[in-house]
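As C-alpha cells, the structure follows; a few thoughts come after it.
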Amino acid sequence: MKKFLLIIMCFVILGGCARLGKPETFLFTEENYPRIDGSTATIPLIEAVECALLGKARTDVKVNVSKTSGAYEDLATNKADLLLVYDGGDETRKQVNADELFETAPIGKDALVFLVNQDNPVENLTTEQVRKIFSGEYTHWSQLGGSDEPIRAYQRGIGSGSQALMDKLVMQGLPMAEPAKVRVIESMGGLIDAVANFVGGPTGIGYNVFYYVTEMRKNNYIKLLSVDGVEPTYESIQLGAYPFVSEFYSVIRKSEPADSPARALHEWMLSDEAQNLMASEKYVALHANPKANTPHVDGNYAMYPQGEEPVYFPGTNPYALTPSKAYGKLYFYLGAIHSESSSSPQFYGLCTADGKIVTEPIYTVATLLTDSKGNTAYLCFRSDLARKTLSNPAILFATDGSWVKDYDDAQFCYGFNGAADSVINADFIAVKKDGQWGAVNMNGETVLPFDRSTPDGIYGQPDFRNSGPELMLGITADRYLASGKLYDAKGRLIADDIKGLPMAAAGNYFVTTDFSAQSAPVVIYTYTLDGKMLAKLESSSELVQWASPCGDYVLARLEDRIKVYDRQLQELYELPLRLDETEHRYAYMRQGAGVLYDSNLTTKFHHTYLPDGTKLVTWYDPDMGENFVQ
C-alpha cells in the first residue's frame, strides 16, 4: 500500500476560534513517525492511525500503551511525542504541569457507563443514586428497587482514566467510600470480569468507558445501566443526552515546532479524514463528513491478526460446566493470567478435543487426577477474577464431562510437591461438603464419610518424611524420593537406584533429570511408579533447562525450543520458542494437565495445544501485558 500523503490544514487561533489556513503537505515515514502513547481504550485508534499514515497492514502494527496517567508522564519526560488519551484528572495534570507544558485538542467523545451483572433486576439509576452508592450511603440493592443483597461497589485505581472521569463527572468533590482492597480494580478488563463473574451473586457494580465495554471487552454477562432514564448509546453520547459524556484528546508538548511530525499529526486528528477514520473504528467522533476521504486501513479492525481465527473473547460462553455425555474428552485451555506475583493462579476454561469452548476461563488449579486403577478425573476451583485468588466451590468432574460434583473445598494429598495446574496420582481426594470433610474417589464416590471438622489424617501421617536428614521429594500422592531411593507413603523402600531429580508424575510414570556431572551431557530418565527404568536419554551439548511429563509425552526445554518425546524417550518433534522482541525474552510456554500453553505478550493471545502439536484454542487476553508474570 502506498503511504498516505497528508493534507494538513493548519489552524490559526483567533479570538478563541479556529479557522482554516493555507494547506500544506506532510509525508509520514517510518523514520519521522511520532512516538504515540495513550489510554487502553485508544489502542485501536492508535493502530488505525498508524496503518493509515504509514500504509501498514493491521497485522504489522504493534501498540503498547502506558495507560492514561503513565502516558501523560511519558509525554512530560520526552518518552512520547503525542498522546491519544483520555482525561487524566486534575492530579495527573498537576503532577506533569500539563496546563503550562501541553497543548490539548479534543478529538472524540466517550462516556462513563455503569455496569452490573446481567441477572441484576435494576435497569436505571439516577445521578444522585449513583453518588450515594459510591459514597457508601446506599449499601443494599433493596434501597434501589432490587434484591435484599449487599452492594459490591468496585472502584478503579487512582490515576486511571475512568477513575478521573468518575471524580470529575459523577462525584464532583463528594468523597468516595473507602473500598475493600479487593474492590479496587487496577485493569479495565478486571473490573468487567469482577462484575460478571462474582460467585456470590449479581451484586456488583462498577464503571468503565463506553468504547472499551462495547467494542474492546464485550461480555454477555454484564449490562449497562441507564442513568436518569437515558441509555448509553452511540447516539446519546454524540448528542450529549447521556449525563456523563466526556471528550478524549490529542496532546502534544507546546514546544513542538510548527513543522514537526507530532504537530502535523496533532492537527490532522481534527480533519475530516481522521474523524471518519475514528468513526469507522466505532469511536464517537466530534464530527464525520461522509464526503471526505477516509484513509484505507487493511483488515476489519478486529483485535486479532489474520490467520488466527477462530479467536475467542471473554464473556461469550457459559460460566458453568453442564454434565453431558456428548463432549468427549475435555481439556483445560488457558484464558487469563491476572497475576501480580509468580505464585498467583492462572485462569482456565474447558474445551473439547476439536476446540469447541465449553466454559469461560473461570477455573484455577486445573489438575488431572489418576488413581492406581487408571481412572481419571479433573479437579479445579471456581475463581473470582476480581480477587485474583481461589474461591469455592471446588469442582470434581469426569474428564469427559459426563458427571460433575461440587464441593465447598478440597485439599491435595499430604506432602505432594506441585499439585496445582498439573497431574497427580491419588486413589482419593479430601473434600469438604456442608461444613464437614470426607473423601471421594476418581468416580466421585464417597470413600470416607463426611464427619470430620478438618482434613487432618485423611491422607495418613507419613512422619517418616521428617525422621531423617534426607529431603523427601513428593512425586505422587504416595511416592517420595530421597537420595535416589523411592518410598511409598508408609516409608517402605520400593527402589534404591533412581537417578536424577524428579518432576511430578503423569499417569503411571515419572521423569527425572540428572544434572550432576558438570562436563557430561544432561541425562533424562523415565521410570514406572515401581521404580523400573523405562528409558534413558543423554542430551546433546545443548543446554537442557528441564524435562517433565505431559500426558503420554516428555518435554525437554532447551534454550530456544522444546523437544517432545514419547515415554520411551524417542524424539517426536520440536516446538520453536519465539523471541518476543518487545520484552527481549522468549514467549511464555508452559505445560498443564496434559496440554501445552503458549502465551504471546505482543498479540495478547494464549494458545492451547495438545502435546502432539494440535492447536485446541486461541484466547484473547487484553490485560495480559499489565498482569503477565513469567
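The values are calculated or read from the model by the stated rules, or taken from the named source; none is laboratory data. No experiment lies behind these values; they were computed from the predicted model shown. Heads up, the Cβs are rebuilt from the backbone with ideal geometry, glycines too, and the neighbour counts pull from every protein chain shown. Just so you know, the surface numbers come from the protein's heavy atoms only, side chains and all, with ligands and any DNA or RNA stripped out. Shrake-Rupley method; radii C 1.70, N 1.55, O 1.52, S 1.80 Å.
Numbers at a glance
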item	result
Accessible area of segment 41-113 belonging to carbon and sulfur atoms, whole % at 1.4 Å probe	41
Difference of contour (0.36 nm per residue) and Cα-Cα distance, residue 543 to residue 78	163.2 nm
Segments 69-81, 44-56, 436-448 sorted - mean Cβ within 10 Å per residue, highest first	44-56, 69-81, 436-448
Partner lysines for residue 94 [C-alpha distance under 19 Å; skip if fewer than 8 residues away on the same chain]	67, 79, 168, 254
Heavy atoms of residue 322: accessible area, 1.4 Å probe, square angstrom to 10	90
Theoretical gain in end-to-end length, residue 402 to residue 561 [0.36 nm per residue, Cα-Cα removed]	53.6 nm
13 Å beta-carbon shell around residue 144, net charge (K/R +1, D/E -1)	-3
Modelled FRET efficiency - R0 45 Å, residue 496 with residue 90, Cβ distances, 0.05 increments	0.05
Listed residues 165, 537 arranged by accessible area, highest first, probe 1.4 Å	537, 165
Out-of-range pairs (alpha-carbon distance over 32 Å; input 433/604; 356/536; 325/615; 62/615; 223/329)	433/604; 356/536; 223/329
Label-point separation in nm, residue 64 to residue 456, each point 7 Å along Cα→Cβ	5.0
Inter-site label distance for residue 123 and residue 135 at 7 Å from Cα along Cβ, in nm	2.8
